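The values are calculated or read from the model by the stated rules, or taken from the named source; none is laboratory data. Since the model is a prediction, treat every value here as computed from it, not as a measurement. Every residue, glycine as well, gets a Cβ built from its backbone with ideal geometry; the counts of neighbours run over all protein chains shown. These accessible areas exclude ligands, DNA and RNA; they are computed on the full protein's heavy atoms, side chains included. Shrake-Rupley method; radii C 1.70, N 1.55, O 1.52, S 1.80 Å.
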Amino acid sequence: MPGNTPSENAVYTHGHHESVLRSHTWRTAANSAAYLIGELKPGMRILDIGCGPGTITADLASLVPGGQVTGVDTAADILVQARQVADERGLENVEFGTADVHALDYPDGSFDVVHAHQVLQHVGDPVRALTEMRRVTAPGGLVAARDSDYAAMTWYPCPPGLDDWLELYHRVARAGGGEPDAGRRLKSWALHAGFTDITTTSTAWTFSTEDERAWWSGLWADRTTQSAYARLAVDGGHATTAELADIAEAWREWGRQDDAWFSVLHGEILCRA
Ligand SMILES: C[S@@+](CC[C@H](N)C(=O)[O-])C[C@H]1O[C@@H](n2cnc3c(N)ncnc32)[C@H](O)[C@@H]1O
């Protein structure tokens, strides 16, 4: 990367452990990018930044027949899985490569839509990221971003262990250079990036059936003890392995309650370039 080109200095909190990918691979354009779908048209060129295992990317490719979708991520390893997803679906209009959102290697105005789902909360400079997303978007095109907002997540019942989980997550994510309460900040970041035409919405994922509770609580219990997040928590002196085990057990116990309910609020922005 040339001289003073800005590059990622934040740590991606979750990493790509199986417990993390369990939730990423569940994602679809319908459950994660509904605010954008109505804007898509055949033939569009889309850049999906921080595409991870590519299930949303592949859906976007299906929604723009005759168009071209490019998925990029800083982590080369996860792109192997993303390519597999596209191959299994027989998609021919999608390709993947490595890129850092702070310094995209594309000429100005290369895409009709530039999309990032659950990415800006993890980057070191979200305003710089949105500025760069805007640069590679054609005039009149769209920059679309959706991020959860951890402090706005809400649940019932409320065991103290889940409060401990939230408090610890905030500390670990911020120590790594991210902003876990990103959903509420997207509009502000977009304004600072120079956008003037910004549509804001919010939507939530809800987990409450027996299967949903088992899945959501299980993946968080496993992330808490086995993922890169667990390692960052212990290595950074934020928690002991015993404390992580207690949080994981609080998640499992919460998931066993018939009346349990969890809501993950997301902020969304559609910005006209
Ligand atoms: C929470 S995952 C979201 C994956 C996918 N968009 C989804 O919603 O399923 C965030 C992804 O962003 C990637 N990432 C983190 N920092 C990035 C950066 N500076 N530029 C591009 N990708 C980045 C991570 O490697 C990770 O795959």
(request) Could you please find all residues in the stretch 209-227 being open to solvent by less than 20 Å² (accessible area, probe 1.4 Å) and either under 17 Å from Y12 (Cα atoms) or aliphatic (A, V, I, L, M) (or both)? (result) L219, W220, A221, R223, T224, S227
(message) On the basis of being surrounded by fewer than 17 Cβ atoms within 10 Å (Cβ to Cβ), of a type in the set (A, V, I, L, M, F, W, C) and away from the ligand (no atom under 13 Å from the Cβ), does A103 make the cut?
(response) no
(request) For the stretch 250-273, enumerate the residues that are part of a helix (DSSP H, G or I) and either over 19 Å from L162 (Cβ atoms) or in contact (Cβ under 8 Å) with a residue 60 or more places away in the chain (or both). (result) A250, W251, E253, W254
(message) Need the failing condition index for S32 against (1) away from the ligand (no atom under 12 Å from the Cβ); (2) among the hydroxyl-bearing types (S, T, Y); (3) touching a Lys or Arg at 6+ places or on another chain (Cβ under 8 Å), just the number.
(response) (1)
(request) Using the structure shown, decide if G50 is more than 16 Å from D147 (Cα to Cα), surrounded by 23 or more Cβ atoms within 10 Å (Cβ to Cβ) and touching a residue at least 12 places away in the same chain (Cβ under 8 Å). (result) no
(message) Can you report the number of residues in the stretch 200-243 which are hydroxyl-bearing (S, T, Y) and under 19 Å from the mean Cα position of the chain (by Cα)?
(response) 9
(request) Run I247 past the list (1) of a type outside the set (G, A, S); (2) touching a helix residue (DSSP H, G or I) at 6+ places or on another chain (Cβ under 9 Å); (3) outside any strand (DSSP E or B); (4) open to solvent by 70 Å² or more (accessible area, probe 1.4 Å) and report the number of the one that doesn't hold. (result) (4)
(request) Find all pairs meeting these conditions: Cβ atoms under 7 angstrom apart; at least six residues apart or on different chains; first residue within the stretch 128-142 and over 24 Å from A10 (Cα atoms) and among the hydrophobic types (A, V, I, L, M, F, W, C); second residue open to solvent by less than 10 Å² (accessible area, probe 1.4 Å) and not in a strand (DSSP E or B). (result) none
(request) Name the one entry in V119, V127, V114 that is crowded, with 19+ Cβ neighbours inside 10 Å and closer than 24 Å to V172 by Cβ. (result) V119
(message) Return the residues of the stretch 3-25 that are over 15 Å from I78 (Cα atoms) and open to solvent by 40 Å² or more (accessible area, probe 1.4 Å); say none if nothing qualifies.
(response) G3, N4, T5, P6, S7, E8, N9, V11
(request) Would you mention how many residues in the stretch 194-227 are outside any helix (DSSP H, G or I), touching a Lys or Arg at 6+ places or on another chain (Cβ under 7 Å) and either over 28 Å from L130 (Cα atoms) or modelled with pLDDT under 95 (or both)? (result) 1
(request) Look through A190, A173, A230, A145 and report the one residue that is out of contact with any Lys or Arg (no Cβ under 6 Å at 6 or more places or on another chain), free of Cβ contacts under 8 Å to residues at least 40 places away in the same chain, buried (at least 17 other Cβ atoms within 10 Å of the Cβ) and not β-branched (V, I, T). (result) A230
